[in-house]
Amino acid sequence: MFGDVPRWVDEDEINFFDIVTFGFGDQDRLYLRGQFTFMKNNKNINTLWRQCRYLSEIDIRLARALDNQVKNRLHFESAEGCFSAIVLSQYDINVKYAVKAFTDVTESRNSANKQSVYLSTGHDGNKSIIFKAKHGEGITEDDIVAKSMNWFENDGRQYSSENTSLQRPKGEMIRINRAEEEPEVCMYWAPKKYQHLICVPGIEWYDYNVFLLEGVLYKQKYESIDIPSGLETAPFFHYQEWKRTYRETQLVSFKSREGKSGWALVKEGAIPIPMLTKSDDTFSSMVKTNTNIFPHNSFCLVSTSRKYPPGTFSTSCKRRITWENDNGLHIVHTPKWNTVNVWNDITLSLTLEIKETEEYSMMALQKLFSVATTNILSWSGPTVLVVYMSSADKESLDVASSIFSDVGENTLIAIAFSDDNISISRKALINMANSVSPTRWIMNGIQLERGMLLSDDAYLFAKRATLARSESTGHVLLFPSLAMSKPLSILNGNEEMSLVNIGIERFQQIKNHLSRSVAKFDCQSECESDSDNELEKLVYEYWLEVTTNDVLKKSYLSTEAAFNMEQVFLDMISSHELWNNIYSDYSPGFIVDRLGPVPGMYTMEIVPEVEEFAGSCFNLLNLSQLAALGYEFNVLPGIFALSDPVSRSSARGCNTDVPDDLCCKYNKQDHTSRSRCDGCSMLQDEDLLWYIAREESYRSVKSALIWEKLRPRASM
């Protein structure tokens, strides 16, 4: 990660030295750092590499490796060994090995595994300054967070004076005598044959810059300018160890600078430092109400374990998609969001995965899409629907286009498709839909694959609840997903799904036929997480009590009677039962506030869904992360999502008069959901899954701790 590099390059490094390399302080290893070395552009320097056979004979080695008659693998070695040794054997060049870098190697005193590293972009966003607590000064994270992220812009500071070098020599140069005996190997990544030149014992780490002046080695102490407040800075940070474990999700907050004064870089990822100002313009500009401007984020549909570099314990993306992907994305319906109120409207965010599309008849596709259409038409606010169709052909895309042609001007519908039959990450589809939602409030968790339909007056109840919370931020409102064993029309006399119109007496009768365990009605219901979910029970019972007393015209139940939902979710990621707690297919519907509890915190950038987790399990991790960030949880009375045999048959592509069991029998593949456990994760390595869940949880907790320290500044 590069910072203010030009500010660190001194005049003599440009004019006098032929080669300059910046390292973190391991000065007894005189190699040219691949992460940052610059050289003069002249014939002598430009031809040095030819003396290194590993580089000059690469064409010969490549030809041998490609020759089927010769069993010769293409050997790889770091050029930091060969080329560095060639440079050290020269007598007519001048080289500087400067201590000017941060790194995360465990042996370094600058390791990011020991403390946070901060990145600031300045007031106008055109800077890139890396800094941290100065080693040995006793400065804590609290001390740094309490200071301005833009300390370097203050008038009178030496840093702001471009004519002042940030590092200057101290004392005389001391000649270094090269070892007469061959030293021990000092760098594992370079072949042993170069080590006698590169390894120079006796040079203290961090304290000296080293010079090669016409064949003679020298060392010289240096001092950095005194930066007030106990900070130190560097031109770049080399993620030498983290490159083996980092994942793109950990850096997602880097996608935008808006609303941020900088970032704290920790082992678990990047934590944005908000500007602590309630800026309506900043949030409005982040929410793209102009549908010609889609976000530039990419979303990973298929993940796999990363194999390189050696020792890697992370993931890589095999297939990704963006909103600008013309080859794999078809915009079926373009909205006109100019009438959307960013602050008061609520976006219904829907996703749907259809596997093996070619096996569906056109009639079955129409039935399946009807579940989505019913939800869209019943919702009075803006809607985003992202569909993925595997093995899709032009005819199936045309069917989708015709079905969704008349869904209202405030609806965005996009179909991602492929001609092969693969399982993809449903979490990626959720992130994709949320990223284009044009409002502060988003409704998630409506499982179209299970035939879930929102209650008829859901938008009115949702609007009532969000308006009541418009002056505060950081809210999550939960409502249950329910299932009925008999068609609603039989029990109710019609298909009306409004608790207000049904009334208390009729609702009490229908309630006996409701099941909160919607998994019981899946075609394939055997899953590791099928056991009764205590949280599901708590949320449902409290929602039922609040709804009965508030919506159905009994005395209102005060929120003090609620169980502490925030603590329940927080316990999930802080306890030793993390894996069991989040490995669940329980998926409540919920409305989330994109504005977090701390001014300037924008939730979707900080804790998106973990795309490697892919399928319908791990649904509670994201809500647990929101609890860790300080969100306030409550239930949303009056709203529910419901499936009955009719909607479930439609979701499976069957006729609506076909019973559940027969529909599952006829449609054994159940292409929309197949199994709740199918695709829970793209990864087979449970240790890696556990590591990802833990890192995501820790980043949320560390974010909350840092932001909590910012609150005194926010109130000033």
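A few comments on the model shown:
- Contour minus Cα-Cα distance for His135 and Lys193 (0.36 nm per residue): 17.3 nm
- Cross-link check: pairs Lys134/Lys221; Lys96/Lys260; Lys367/Lys394 evaluated at a Cα-Cα cut-off of 27 Å; pairs beyond the cut-off: Lys96/Lys260.
- Annotation for region 32-95: trypsin sites (Lys or Arg not before Pro) lying in DSSP loop with at most 12 further Cβ atoms inside 10 Å of their Cβ are Lys71, Arg73.
- Calculated FRET efficiency for the pair Arg168/Asp142, C-beta based, R₀ 25 Å, to 0.05: 0.20
- The peptide list 208-218, 419-429, put in order of mean Cβ contacts within 10 Å with the highest first, becomes 419-429, 208-218.
- Coil-residue chymotrypsin sites (Phe, Trp or Tyr not before Pro) of region 1-91, DSSP, other Cβ within 10 Å capped at 15: Phe16, Phe76, Tyr91
- Trypsin sites (Lys or Arg not before Pro) within region 297-392: DSSP coil, no more than 14 neighbouring Cβ in 10 Å: Lys307, Lys336
- Stokes-Einstein D for region 141-245, Kirkwood Rh over Cα pairs, 4 °C, 1.567 mPa s (µm²/s): 74
- Measuring between their Cα centroids, region 211-272 and region 294-357 lie 30 Å from each other.
- Inter-part distance where region 581-637 and region 403-472 are each reduced to a Cα centre, Å: 15
- Environment charge at Leu621 (Cβ cut-off 9 Å; Lys +1, Arg +1, Asp -1, Glu -1): -2
- Surrounding net charge for Gly23, when Lys and Arg each add one and Asp and Glu each subtract one, Cβ distance under 10 Å: +2
- For region 383-478: accessible area per residue (Å², 1.4 Å): 29
- Exceeding the 31 Å Cα-Cα cut-off - candidates Lys307/Lys709; Lys100/Lys318; Lys40/Lys127; Lys255/Lys318; Lys147/Lys307: Lys307/Lys709; Lys100/Lys318; Lys147/Lys307
The values are calculated or read from the model by the stated rules, or taken from the named source; none is laboratory data. As the structure is a computational prediction, the values presented were derived from the model and not from experiment. Backbone-built Cβ (ideal geometry, glycine too); neighbour counts: all protein chains shown. Areas reflect the complete protein model, heavy atoms only, side chains present, ligands, DNA and RNA absent. Shrake-Rupley method; radii C 1.70, N 1.55, O 1.52, S 1.80 Å.
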